[in-house]
């Protein structure tokens with residue numbers, strides 16, 4: 001008889017695990033939404049480059065032609081002694097193995113005002129809120145006699161922040177300028193990074209290339225700038241400088257979703273404490289993967305909260321449970337870094353793979369192809385390709401709708 005495995009979270013890790021585990025177990029996948037969000041392209045929804053439904057795919061559609069069951073729900077409590085998990089709708093599920101893959105949320109690092117005044121970007125709703133706020137402010141600039149300015153600040157110089165700042169700059173220089181030049185000329189995009197350089201996970205040369213490309217697009221880049229407080233219309237740095245910001249987008253980092261209150265599992269540095277086997281510390285039949293799992297590399301550094309880590313862990317987990325069923329010993333997870341990439345704008349991207357560094361048009365095409373490959377669903381792939389092609393050929397973005405008023 002196959003063991004029953006409950007997987008909490010249908011992100012990259014959870015969905016990969018559920019699909020891979022079906023060979024060895026009866027699997028139930030649980031998520032509070034009925035769709036998976038393609039997080040790497042969420043910033044394009046926020047900057048009017050893509051329609052929201054192109055980055056969301058129905059979970060049941062992704063599980064078609066599998067034996068995996070799906071339940072829409074959110075965990076409320078865990079009774080590990082009874083191998084039972086209870087959901088907010090009052091239902092329960094018993095399991096032989098539990099996989100926690102609940103993902104991550106925005107990390108504000110305890111900085112005052114971030115939660116109240118900054119916009120995070122971890123959900124489709126948040127991305128649409130950013131787009132609506134920017135477009136609403138732009139429409140105000142277009143009003144007769146309005147001489148105000150719109151200052152958009154993106155905090156965090158990692159790949160997400162760089163991509164967001166570049167996309168905003170191209171939105172301003174392209175469609176907004178074509179719509180109403182006088183309003184677009186009063187919009188400034190600023191990228192703020194606490195460290196000495198952008199995209200620190202890349203080489204210094206690619207970091208400098210990124211900075212120059214952003215500045216060519218009109219982005220003000222401020223490195224070595226630590227945020228002390230965010231207010232409704234400004235950012236105050238630790239040195240006392242005040243940076244005007246009508247809209248602040250927080251891309252400074254993420255943290256694992258807290259499970260202290262609901263699942264009462266051990267946490268380490270804001271993530272579930274796990275063994276190298278991916279088992280939660282102190283539990284033989286509870287596992288954690290993806291952003292929520294506190295996995296480390298051989299040097300002791302935490303693994304990055306990126307999709308490739310979660311996908312590899314999801315596939316590895318299936319091998320672990322198969323090993324248990326076959327009465328074989330468990331292995332330790334080892335992440336295979338296949339490289340990093342980020343896009344800055346049209347024909348502008350950076351790619352670094354095992355010491356090989358590429359920038360420019362070739363890197364940009366590689367970025368496009370890889371992201372298109374990983375998007376779920378034929379309709380979403382076609383829709384994304386159509387949007388990208390239209391944006392490229394016309395220098396326009398047709399998704400400049402203000403949708404949060406309905």
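The values are calculated or read from the model by the stated rules, or taken from the named source; none is laboratory data. Remember, predicted model here, so these are calculated numbers, not experimental data. We place every Cβ from the backbone using ideal geometry, glycine too, and count neighbours over all the protein chains shown.
Here are the numbers for the structure shown:
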{"quantity": "Breaking point among (1) modelled with pLDDT of 95 or more; (2) in contact with a strand residue (DSSP E or B) (Cβ under 7 Å, 6 or more places away or on another chain), for residue 252", "calculated": "(1)"}
{"quantity": "Residue in region 309-317 that is in a loop (DSSP other than H, G, I, E, B) and free of Cβ contacts under 8 Å to residues at least 60 places away in the same chain present", "calculated": "no"}
{"quantity": "Which numbered condition residue 282 fails, given (1) surrounded by fewer than 22 Cβ atoms within 10 Å (Cβ to Cβ); (2) touching a residue at least 24 places away in the same chain (Cβ under 8 Å)", "calculated": "(2)"}
{"quantity": "Single residue of 98, 93, 102 found to be touching a strand residue (DSSP E or B) at 6+ places or on another chain (Cβ under 6 Å) and part of a loop (DSSP other than H, G, I, E, B)", "calculated": "102"}
{"quantity": "Failed item in (1) touching a helix residue (DSSP H, G or I) at 6+ places or on another chain (Cβ under 9 Å); (2) closer than 24 Å to residue 83 by Cβ, with residue 336 passing the rest", "calculated": "(2)"}
{"quantity": "Residue in region 194-209 that is farthest from residue 184 (Cα to Cα), counting only those that are in contact with a strand residue (DSSP E or B) (Cβ under 6 Å, 6 or more places away or on another chain) and either outside the structural domain of residue 153 (by TED's automatic domain parsing) or part of a helix (DSSP H, G or I) (or both)", "calculated": "206"}
{"quantity": "Residue within region 360-367 that is touching a residue at least 24 places away in the same chain (Cβ under 8 Å), in a loop (DSSP other than H, G, I, E, B) and surrounded by fewer than 19 Cβ atoms within 10 Å (Cβ to Cβ) present", "calculated": "no"}
{"quantity": "Residue within region 172-189 that is part of a helix (DSSP H, G or I), within 24 Å of the chain's Cα centre (by Cα) and over 19 Å from residue 243 (Cβ atoms) present", "calculated": "no"}
{"quantity": "Residues of region 136-171 classified as in a helix (DSSP H, G or I) and more than 21 Å from residue 230 (Cα to Cα), total", "calculated": "11"}
